[in-house]
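Chemist: Pasting in a structure now, in structure tokens, and then I'll have a few things to ask.
The values are calculated or read from the model by the stated rules, or taken from the named source; none is laboratory data. Please read these numbers as outputs of a predicted model, since none were measured by experiment. Reconstructed Cβ throughout: ideal geometry from the backbone, glycine too, with neighbour counts over all protein chains shown. The accessibility values were calculated without ligands, DNA or RNA, using every heavy atom of the protein model including side chains. Shrake-Rupley method; radii C 1.70, N 1.55, O 1.52, S 1.80 Å.
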Amino acid sequence: MRANELAHSINEETIAYRRDIHKHPEPSMKEFRTTDRICEELEKLGVKYERKQPTGVFAEIKGTKGESDKIVMIRGDIDALDIQEKTDLDFASINDGVMHACGHDTHNAMLLGAVKVLNQMRDEFAGTVRFVFQPGEETCQGAPAMLEQGAMDGVGYAFGIHISSTLPLGQISALAGASHAATDRYWIKVSGKTSHGADPKNGIDAAVAGCSIVTALQTIVSREYDPADPLVVTVGQIHSGSRFNIIPGYCEIEGTIRTYSREIHNEIQDTVARIAENTRAAYRCKAEVIYNKITEVLYNDADAVALGQKAIEKVLPGGCVEGKPTMGGEDFAFYTTAKDAKCAFFSLGARWPEEDKVYSRHHEKVLFDERALETGVALYAQLAIDALADLNK
């Protein structure tokens with residue numbers, strides 16, 4: 001396929017660009033140098049682009065095969081994590097305490113590579129390919145910001161790729177339906193009345209109320225919702241009291257909830273509030289619930305996945321494998337809620353060849369096999385071409 005050939009021809013450029021971005025990582029929504037570099041490369045190509053606020057870039061290439069108003073969006077995130085890199089790479093981060101530990105430097109490079117490939121293939125497609133270089137995935141601020149600025153306007157198909165340090169090189173996973181859970185964070189602040197530990201009747205014990213709330217929250221999975229629906233309710237922190245002989249006047253609970261069901265996701269905030277309210281009342285305490293919905297459910301459209309599987313077979317014959325759902329969150333999920341657009345998200349294998357150097361994403365020593373980048377460039381391009389062909393039928 002021509003996408004493969006062109007991706008191969010620019011592979012050294014793709015790797016060099018990736019290493020430059022890796023060496024200069026920037027935290028979420030502060031990717032200013034990264035945005036400058038993207039714009040610099042797009043200007044060299046003469047490709048139309050727009051800088052977004054506060055960071056990020058939209059670029060567009062219109063095919064010349066015929067007239068079409070159809071649009072396909074492909075997205076690559078560009079932010080890094082607040083992690084001190086501990087690899088021995090020649091191009092390791094020079095920015096203290098910041099590292100591309102999730103592989104977004106590779107997404108950035110692969111998406112730019114796809115721009116270069118499709119810029120040479122304009123005469124092979126009709127319609128427009130929109131490239132979204134998205135900031136702030138790690139804080140889940142980027143996708144909503146890009147949506148507000150028009151990322152999905154007029155889009156018929158949208159695709160994303162995430163590199164994987166644990167999926168073997170030469171494999172790309174695809175999964176129809178929910179692949180990444182909705183990710184929520186909650187705080188419950190319980191207040192009572194302190195008293196001497198030897199005289200608890202004169203106090204209102206916030207610790208006892210808080211512990212009872214923690215226990216009650218654990219009934220949500222099997223007593224509030226069908227246990228066949230994947231749902232996780234986690235209490236990650238609980239803090240109460242100041243001294244061994246004082247009845248605590250406060251208790252703070254913090255945790256996360258994950259679900260693959262959009263219906264449950266819409267309801268569960270009220271469920272948590274009801275449990276906290278009724279339990280605190282039984283112990284004469286007060287309680288405040290703060291609930292933050294971080295990401296939506298990432299739901300892959302079956303048609304988009306089927307199209308993607310065919311594209312994968314074109315760029316990597318025999319490389320498509322069935323993905324497994326994860327309770328981890330991914331802000332590409334926000335794009336999948338857009339009306340009238342079919343979306344799909346794929347994982348690209350880039351497992352390091354030396355077993356003792358294989359680490360998961362977000363690890364200070366994580367490594368990605370750069371041989372995967374050429375495949376990623378070709379796949380981005382093939383997805384765009386095939387999706388536009390489908391929309392133009």
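Chemist: When you go through (1) polar (S, T, N, Q); (2) touching a Pro at 6+ places or on another chain (Cβ under 8 Å); (3) at pLDDT below 95 one by one for Ser222, which number turns out not to apply?
Modeler: Every condition holds for Ser222 apart from (2).
Chemist: Let me ask another. Taking region 146-192 only, how many residues are in contact with an Asp or Glu (Cβ under 7 Å, 6 or more places away or on another chain) and among the basic types (Lys, Arg)?
Modeler: Going through region 146-192 one residue at a time, the tally reaches 1.
Chemist: When you scan region 315-358, how many residues do you find that are of a type in the set (Lys, Arg), farther than 21 Å from Thr106 by Cα and in contact (Cβ under 8 Å) with a residue 40 or more places away in the chain?
Modeler: 2
Chemist: Considering only residues that are touching a strand residue (DSSP E or B) at 6+ places or on another chain (Cβ under 8 Å) and part of a loop (DSSP other than H, G, I, E, B), look in region 75-88 and name the one that is most open to solvent (accessible area, probe 1.4 Å).
Modeler: The selected residue is Asp82.
Chemist: Which residue is nearest to Ala206 (Cα to Cα), if the candidates are limited to region 250-260 and must be assigned to a strand (DSSP E or B) and open to solvent by 20 Å² or more (accessible area, probe 1.4 Å)?
Modeler: Tyr250
Chemist: Here's a follow-up. When you scan region 132-148, do you find a residue that is more than 13 Å from Glu31 (Cα to Cα), out of contact with any Ser or Thr (no Cβ under 8 Å at 6 or more places or on another chain) and assigned to a loop (DSSP other than H, G, I, E, B), even just one?
Modeler: no
Chemist: Quick one: count up the residues across region 1-41 that are of a type in the set (A, V, I, L, M, F, W, C), open to solvent by 50 Å² or more (accessible area, probe 1.4 Å) and touching a Ser or Thr at 6+ places or on another chain (Cβ under 8 Å).
Modeler: So the answer is 1.
Chemist: On to the next question. Consider Ile247 against the criteria (1) surrounded by fewer than 20 Cβ atoms within 10 Å (Cβ to Cβ); (2) at pLDDT 95 or above; (3) over 23 Å from Tyr291 (Cβ atoms); (4) not aromatic (Phe, Trp, Tyr): it satisfies all of them except one. Which criterion is unmet?
Modeler: Every listed condition holds for Ile247 apart from (1).
Chemist: Let me ask another. Against the conditions (1) surrounded by 20 or more Cβ atoms within 10 Å (Cβ to Cβ); (2) more than 22 Å from Ala350 (Cβ to Cβ); (3) polar (S, T, N, Q), where does Gln134 fall short? Just the number, please.
Modeler: Answer for Gln134: the failing condition is (2).
Chemist: Among the candidates Gln134, Gln120, Gln141, single out the residue that is at pLDDT 95 or above and either in contact with a Phe, Trp or Tyr (Cβ under 9 Å, 6 or more places away or on another chain) or closer than 25 Å to Ala302 by Cβ (or both).
Modeler: One residue alone meets the criteria, Gln134.
Chemist: Here's a follow-up. Given (1) open to solvent by 30 Å² or more (accessible area, probe 1.4 Å); (2) part of a helix (DSSP H, G or I); (3) in contact with a His (Cβ under 8 Å, 6 or more places away or on another chain), where does Glu263 come up short, assuming only one miss?
Modeler: (3)
Chemist: Does region 183-191 contain any residue that is within 21 Å of Asn278 (Cβ to Cβ), touching a strand residue (DSSP E or B) at 6+ places or on another chain (Cβ under 8 Å) and part of a helix (DSSP H, G or I)?
Modeler: no
Chemist: For Glu148, all conditions in the list (1) under 16 Å from the mean Cα position of the chain (by Cα); (2) surrounded by fewer than 19 Cβ atoms within 10 Å (Cβ to Cβ); (3) without any contact (Cβ under 8 Å) to a residue 60 or more places away in the chain hold save one; what is the number of the exception?
Modeler: (1)
Chemist: Restricted to region 276-295, and to residues that are aliphatic (A, V, I, L, M) and closer than 12 Å to Ala209 by Cβ, which residue is least open to solvent (accessible area, probe 1.4 Å)?
Modeler: That would be Ala276.
Chemist: Residue check, Thr194 against (1) open to solvent by less than 70 Å² (accessible area, probe 1.4 Å); (2) in contact with a strand residue (DSSP E or B) (Cβ under 8 Å, 6 or more places away or on another chain), all met but one. Which one?
Modeler: Just one mismatch for Thr194, condition (1).
Chemist: Does Ser165 qualify as being touching a Leu at 6+ places or on another chain (Cβ under 9 Å), of a type in the set (S, T, N, Q) and more than 25 Å from Lys293 (Cα to Cα)?
Modeler: Yes, satisfied.
Here's the yes/no breakdown for (1) crowded, with 22+ Cβ neighbours inside 10 Å; (2) part of a helix (DSSP H, G or I); (3) of a type in the set (D, E, K, R); (4) at pLDDT below 95:
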site: Pro317; (1), (2), (3), (4): no, no, no, no
site: Val321; (1), (2), (3), (4): no, no, no, no
site: Ala333; (1), (2), (3), (4): yes, yes, no, no
site: Asp340; (1), (2), (3), (4): no, no, yes, yes
site: Ala344; (1), (2), (3), (4): yes, no, no, no
site: Arg351; (1), (2), (3), (4): no, no, yes, no
site: Lys365; (1), (2), (3), (4): no, no, yes, no
site: Ala372; (1), (2), (3), (4): yes, yes, no, no
site: Val377; (1), (2), (3), (4): yes, yes, no, no
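Each row is one residue, and each column tells you yes or no for (1) touching a strand residue (DSSP E or B) at 6+ places or on another chain (Cβ under 6 Å); (2) open to solvent by less than 20 Å² (accessible area, probe 1.4 Å); (3) not β-branched (Val, Ile, Thr); (4) not in a loop (DSSP other than H, G, I, E, B).
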{"residue": "Thr55", "(1), (2), (3), (4)": "no, yes, no, no"}
{"residue": "Met73", "(1), (2), (3), (4)": "yes, yes, yes, yes"}
{"residue": "Asp90", "(1), (2), (3), (4)": "no, no, yes, no"}
{"residue": "Asp105", "(1), (2), (3), (4)": "no, yes, yes, yes"}
{"residue": "Val129", "(1), (2), (3), (4)": "yes, yes, no, yes"}
